[in-house]
1. With Tyr125, Tyr91 as the choices, which residue is touching a helix residue (DSSP H, G or I) at 6+ places or on another chain (Cβ under 6 Å) and in a helix (DSSP H, G or I)?
2. Please verify whether Thr160 is over 30 Å from Pro62 (Cα atoms), at pLDDT 80 or above, within 22 Å of the chain's Cα centre (by Cα) and not aliphatic (A, V, I, L, M), treating the condition exactly as stated.
3. Mind checking which residues of the stretch 170-196 are among the aromatic types (Phe, Trp, Tyr) and exposed (fewer than 15 other Cβ atoms within 10 Å of the Cβ)?
4. Kindly indicate whether Phe152 is surrounded by 14 or more Cβ atoms within 10 Å (Cβ to Cβ) and part of a helix (DSSP H, G or I).
5. Might you let me know whether the stretch 73-80 holds any residue that is of a type in the set (Asp, Glu), assigned to a helix (DSSP H, G or I), touching a helix residue (DSSP H, G or I) at 6+ places or on another chain (Cβ under 9 Å) and at pLDDT 50 or above?
6. State all residues of the stretch 160-169 that are open to solvent by 30 Å² or more (accessible area, probe 1.4 Å), free of Cβ contacts under 8 Å to residues at least 40 places away in the same chain and not polar (S, T, N, Q); if no residue qualifies, say none.
7. Give the residue, chosen from Met262, Met238, that is more than 23 Å from the chain's Cα centre (by Cα) and at pLDDT 80 or above.
8. Filter the stretch 39-82 down to the residues that are in contact with a Ser or Thr (Cβ under 8 Å, 6 or more places away or on another chain) and farther than 17 Å from Ala113 by Cβ and list them by number.
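The values are calculated or read from the model by the stated rules, or taken from the named source; none is laboratory data. In this text the structure is predicted, and so the values were computed from the model without any measurement. No Cβ is skipped: glycine too gets one built from the backbone with ideal geometry, and neighbour counts run over all protein chains shown. We work out accessible area using only protein heavy atoms, side chains counted, and drop any ligands, DNA or RNA first. Shrake-Rupley method; radii C 1.70, N 1.55, O 1.52, S 1.80 Å.
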Amino acid sequence: MAVSNGTAEVASFIYQQIFKVDMDAGPSTKISVIILLSLFFFFINCVMLFALGSKRIFHETPRYILFGHMLMNDSVLLLLTTTMYTMGTFYLQVTRAVCTLLVIISYCSFRNAPLTLAVMSLERYVAICFPLRHCSIATPKRTGIALGIIWFLSSINIITDIICVLIVNPSLFVEVLFCTQEKLFLYKWQLDKTQAFDVFYFVSVAVIIIFTYISIMITARSVSSDKDSAKKALKTVMLHLIQLGLCLTSFLYATINKALNMVTDSPSLFINLRYLNFLIVLMLPRCLSPLIYGMRDEAVWPLFKYYFCYRSGKVRPSVKIH
C-alpha cells in the first residue's frame, strides 16, 4: 500500500509473526480461558442490566441510566475485545470494511467508559452541591443528551481516520487483512492524533472527577444537614476515580506490549507475557469496574443477588434510591 506509513507496516509484520508463532504453540487453552471469563462477566452484566430494568425508578433516575449505559458499553467492549483477540490468535483475516466496523465499535466503547465516569461524577456533584436544582438539572432527557455527547466525543477521532481513508483510496476497504486499529492509520500524524486525544480525555476526566470530589467534600463540611448523603457521594466519586485508574491501565496495554516486544528475545516468552498482559491489564479492569460499582450500591446489589440466584429469595428486595 503506497500510502501506508512505515510504522503501520512494521507493526503489522510484528503482529503477524507473533500470531503465527502463537498459533503453532496451540493457544486453545488460553482462548478457552478468555472466552469463559468473558462469558461469565457478560452474564453478570446482563443480570445487572435485568435488575435495572425490573424497576421503573431506575429508568427515571439519571445515575442509574448512566450506570446502565456503562454496563452495556463494557459488555459490548468485552465481547468485541474477545472476538478480535481470538481472530488475532488464529490469524483470521477479514476485509478492511468489516475490520473498520469492529474497530469503530470497540474504539468508541473503549473511550466511552472514562467519559461516562465524568458525567456520573458531575451528577453526584449537582445532587449534593445543588440539591434543590438537582431534579431540574439532572433529568432523564438531559442524561440522554449527555450520552449522545459522550458517543460523539469518543467517535470523532476514529471517524476522521475513516474519512481520511475514504478520501485517499476508497478501494482499500475491500482489501483482506489482519484486523487491528493500526490498519486505519495511513500516516504517522494519525497515530500522534490518537495519542493526543487519549491524553486529553484522561486529563479532562481526571480534572472533572477531582473537582467534583473537592466540591462535595467542601459542601459536606459546611452543611450540617444531610451529611450522610454527602459522605456517600464522596465515596461514590472516589470510586469513580478508582474506576478511572482501572481504565487507565487498559490504555497502557499497547504500550506494555511494545515494551515487552523490545526487551524479550524469546517469541514463546513474549506470547505468554502478551497473554497475561491482555488478561490482567486489558480485560480484568473492565470486567471488575461495573461489578465493583454495583456491589456497593444499596439499591442494585440486593436485586442483583435476587436475580443471580434465579429468584431463590422468599421476598423480593425493595429499592432504596439515595
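1. Working: Tyr91 fails: in a helix (DSSP H, G or I).
Being touching a helix residue (DSSP H, G or I) at 6+ places or on another chain (Cβ under 6 Å) and in a helix (DSSP H, G or I) holds for just one of Tyr125, Tyr91, which is Tyr125.
2. Working: over 30 Å from Pro62 (Cα atoms): yes; at pLDDT 80 or above: yes; within 22 Å of the chain's Cα centre (by Cα): yes; not aliphatic (A, V, I, L, M): yes.
When the stated conditions are applied, Thr160 passes them.
3. Trp189
4. The answer is no for Phe152.
5. Yes; the residues of the stretch 73-80 include at least one that is of a type in the set (Asp, Glu), assigned to a helix (DSSP H, G or I), touching a helix residue (DSSP H, G or I) at 6+ places or on another chain (Cβ under 9 Å) and at pLDDT 50 or above.
6. Listed by number, the residues that qualify are Ile163, Leu166, Ile167.
7. Numbers: Met238 fails: more than 23 Å from the chain's Cα centre (by Cα).
Exactly one of Met262, Met238 is more than 23 Å from the chain's Cα centre (by Cα) and at pLDDT 80 or above, namely Met262.
8. Cys46, Pro62
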